[in-house]
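Since the structure comes first, as structure tokens, the remarks are kept for the end.
FYI, it's all coordinate maths here, none of it is from the lab. Bear in mind that the values here come from a model prediction, so they are computed numbers and not experimental data. Positions of Cβ are generated from backbone atoms using ideal geometry, with glycine treated the same way; all protein chains shown enter the neighbour counts.
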Amino acid sequence: MSNAIYIATNQPDSGKSVVALGLLNMLSGKTKKVAYFKPIIYRPNENEMDYHIQMIASHFKLTTPYRDMFAFTRDEVLQHRAAGNDAFVIDTIIEKFKHLEENYDFVVVEGTDFLKDGVSYDFDANIEIAKNLGIPVIILISADKTDNETVTNSLLAVCKSFNDKDIQVLAAIVNKTNPDAIELLRKVLEEQLPKDLLLSIIPSNKDLDNPSMKEIANAIGGKVILGQENLNNQVDHSIVGAMQLRNLLLRLQPNTLIVTPGDRGDIIIAAMQANISSNYPKVAGLILTGGLEPEEPILRLIEGLETVVPVVQVQTGTFETVTNVSKTPSRISMDNSRKIQLAINTFDKYINVAGLEEKIKTFHTSGITPHMFQYQLVKRAKSHKKHIVLAEGNDDRILTAATRLLQQDIVRLTILGDREEIEMALRRLNLNFPSENVEIINPLKSASFNHYAETLFELRKAKNVTLEMARDMMADVSYYGTMMVYLGDADGMVSGAVHTTQHTIRPALQFVKTKPGINTVSSVFFMCLEDRVCVFGDCAVNPNPTAAQLAQIAISAAESSIAFGIEPLVAMLSYSSGTSGVGEDVDKVMEATALIRKLKPELKVEGPIQYDAAVDPSVGKQKMPNSPVAGQASILIFPDLNTGNNTYKAVQRETGALAIGPMLQGLNKPVNDLSRGCTIEDIFNTVVITAIQAQ
């Protein structure tokens, strides 16, 4: 059973970042402690950190010390080789790797960076390192600007080189493939490669393959004078702005970089205006050549615009600058979250993840980390895609989270709001919705508005609701979105970013109503602690529940935990444990515990019990030695809203725990409430759990 994998290639710019990010994302959802190791790094400046290690460590929040994530710089290796110290190099790499292997459940090892002046050495080094580490290999080659015959011969030769050294090759990945050539290439490779080798082919993708303005600015030694906040703009085309303005505008394509002398104020202003005009495509940025800067009035005019594309100044002439730009490779940097997520999505889409998991036989550890829990939630939501309504399309956080959800293909979305306002906000935020799986609806202009209002009238006329009142209520996004869920036009709704909890859940209580046998709607938070996930309830809905309501909250929480893969061990919290305390509040918890045992005798429950006795094994053993729950509770039920709400927030703030929720439980169909202080991550996670509830 292998607990490590080696990513190897035979050429520069093959796209190892996609494989490394995808593997680490996959493994982080399966095992608690994952490490990343790059035996040899390329560091052009002694004071610089390796950009790839930084990106990986930052995104996955790896705690491994930076110096433990590599063994040597490339220059150090060359110096040792020149001195005849090859054995020292390999021994050090093995020692560093073994340290990680002993302290982590799985290690992803990324082979050397390929430099055009040392391709042969880098390839041989990959083979030697993988052989001495004794771990299997994933081979990656690039099909960029290469015909199928050359790709086939190259892959077969690389596989043979590793097999000749008795290195097990688990999978082969061909990256940056012409989409039109994929099927023929797959057929040829499957005929010639070993049948047990897992083959994957990834098509070329300009969003990954093309550099950003920041990458270009760094590569050409440019000075950013404007538009710092948009340096992650992607560059798909470049043109020289040395012609008349009319001809320049005719040549603009989406994400174009304009290279022009710094004194061409007409070109600079036109580029800025074209970027914000609905009649022209987006401009990626400008490079001003010859060391020239725009005159002060022009700079002042540009700085006053709401959106400014990056403007980079270089000392080189226009021709030399264009040449340097054309040589800039695309890299995925730590601050480019869009590209990181796209790389992970690409891996998930084109790699047989289940087959790869089986090949490398990932460990299944006890407990679950926050990243594992989130990974599993997203994977589960994707497995049976649901349709969720986001009621508050007028909030930037909602639109940003929606973009992430759509890009990862997790759910279908309906966003309520004015289409023109939403599209303007998307442009201002530099966001783009994929064309499919999303619909924008203005309730007042909807073809369903009258039907929804009439349905609400029929449902609520016994409560003295008139048709006119129903029409007024249906103009409210919470009522409209809830009615979509009630009638089956959507599977669930998420709201509350700009509305109160009562505003969000009132329509659901009025006509979605509760499940049979349940008369208490409650909520839970999934509290993702450092080494486990537990369930807190009720922290958002019921101020002072009765004993019967507490019992129902606990039973619902147990059902929720089972649905999300958490074994239910229920602790009914109080200020005393067992029979040590007396008082009305203790009696209420004691009565609720007895009721749970009567209604659900198979459920493991303990109460009254104090928080420390519920979660700390040593305290639990001391205070309640015979309890099956004490010290290991996974569900913590608080006696009232004041205690629960304050405790979850204290734990969240003091420990850095991720709190996913609140998730409402007990309703016939899922409607979930956001905090008005919610983050984009909160919205993303709430939509995911709503989709799973709908399954």
Per-residue ellipticity at 222 nm attributable to helices in the chain (runs of n ≥ 4 DSSP H, -39500 (n - 2.57) apiece, nearest 500 deg cm²/dmol) works out to -13500 deg cm²/dmol
Within the stretch 213-326: Cβ-based charge dipole about Cα centre, in debye rounded to nearest 20 (Lys, Arg +1; Asp, Glu -1)
280
Over the chain: Kirkwood hydrodynamic radius from C-alpha pairwise inverse distances, Å
28.6
Quick one: 3J(HN,Hα) in Hz for the stretch 13-22, Karplus 6.51/-1.76/1.60 with θ = phi - 60°, rounded, Gly and Pro as x.
6, 7, x, 4, 4, 4, 5, 4, 5, x
Can you classify the stretch 385-512 as rounded, prolate or oblate using the Cα gyration tensor, where a ≥ b ≥ c are the square roots of its eigenvalues, rounded means a/c under 1.5, and otherwise it's prolate if a/b beats b/c and oblate if not?
prolate
For L199, what residues show an amide H to amide H distance below 5 Å, using hydrogens built from the backbone and excluding near sequence neighbours?
A172
Please work out whether the stretch 213-326 counts as rounded, prolate or oblate from its C-alpha gyration tensor, where a ≥ b ≥ c are the square roots of the eigenvalues and a/c under 1.5 means rounded, while otherwise a/b larger than b/c means prolate and anything else oblate?
rounded
Taking amide H positions as placed in the peptide plane 1.01 Å from N, state which residues far from V533 in sequence (5 or more) or on other chains have amide H under 5 Å from it.
I368
Mind giving me the nanometre distance, one decimal, between the label points for S448 and E530, set 7 Å out from Cα along Cα→Cβ?
4.7
Taking alpha-carbon centroids only, the stretch 579-597 lies from the stretch 285-339 a number of Å equal to 68
What FRET efficiency, computed as 1/(1 + (r/R0)^6) with R0 = 22 Å and r the Cβ-Cβ distance, is obtained for N519 and T679, rounded to the nearest 0.05?
0.10
What's the longest uninterrupted piece of the chain once you rule out the GluC sites (Glu not before Pro) that are loop residues per DSSP with at most 13 other Cβ within 10 Å?
49-294
Can you spot the lysines whose alpha carbon is less than 16 Å from K339's alpha carbon? Ignore those fewer than 8 places along the same chain.
K16, K176, K206, K214, K349
Residue separation between V188 and A82 times 0.36 nm, minus their alpha-carbon distance, gives in nm 33.9 nm
Compute the signed sum of charges (Lys and Arg +1, Asp and Glu -1) over the other residues within less than 14 Å, Cβ to Cβ, of P261.
-4
How high is the relative contact order of the stretch 522-666, given as a whole-number percent (alpha carbon pairs under 8 Å, six or more residues apart)?
38
To the nearest 0.05, how large is the calculated FRET efficiency for S326 and T643 if R₀ is 60 Å and r is the Cβ-Cβ distance?
0.40
Return the sequence-ordered ³J(HN,Hα) values of the stretch 466-473 in whole Hz as given by the Karplus equation 6.51 cos²θ - 1.76 cosθ + 1.60 applied to θ = phi - 60°, using x for Gly and Pro.
8, 5, 5, 5, 5, 5, 5, 5
Set the Förster distance to 41 Å, then compute FRET efficiency between E602 and M424 from the Cβ-Cβ distance, nearest 0.05.
0.15
Taking every pair of alpha-carbon atoms in the stretch 522-666, give the share separated by more than 27 Å as a whole percent.
10
Could you pull out every residue, at least 5 positions away or on a different chain, whose amide H is within less than 5 Å of the one on L569? Hs are placed 1.01 Å off N in the peptide plane, and Pro or chain starts have none.
S634, I635
Explain nothing, just the number: relative contact order of the stretch 213-326, from Cα pairs under 8 Å at least 6 residues apart, as a whole percent.
33
Considering only the other residues whose Cβ falls under 15 Å of the Cβ of P628, what net charge follows from Lys and Arg at +1 and Asp and Glu at -1?
+2
Interatomic Cα distance distribution for the stretch 156-209, bins of 5 angstrom, percent
4, 17, 27, 22, 15, 10, 4, 0
With 0.36 nm assigned to each residue of separation and the Cα-Cα distance removed, Q341 to K98 gains 84.5 nm
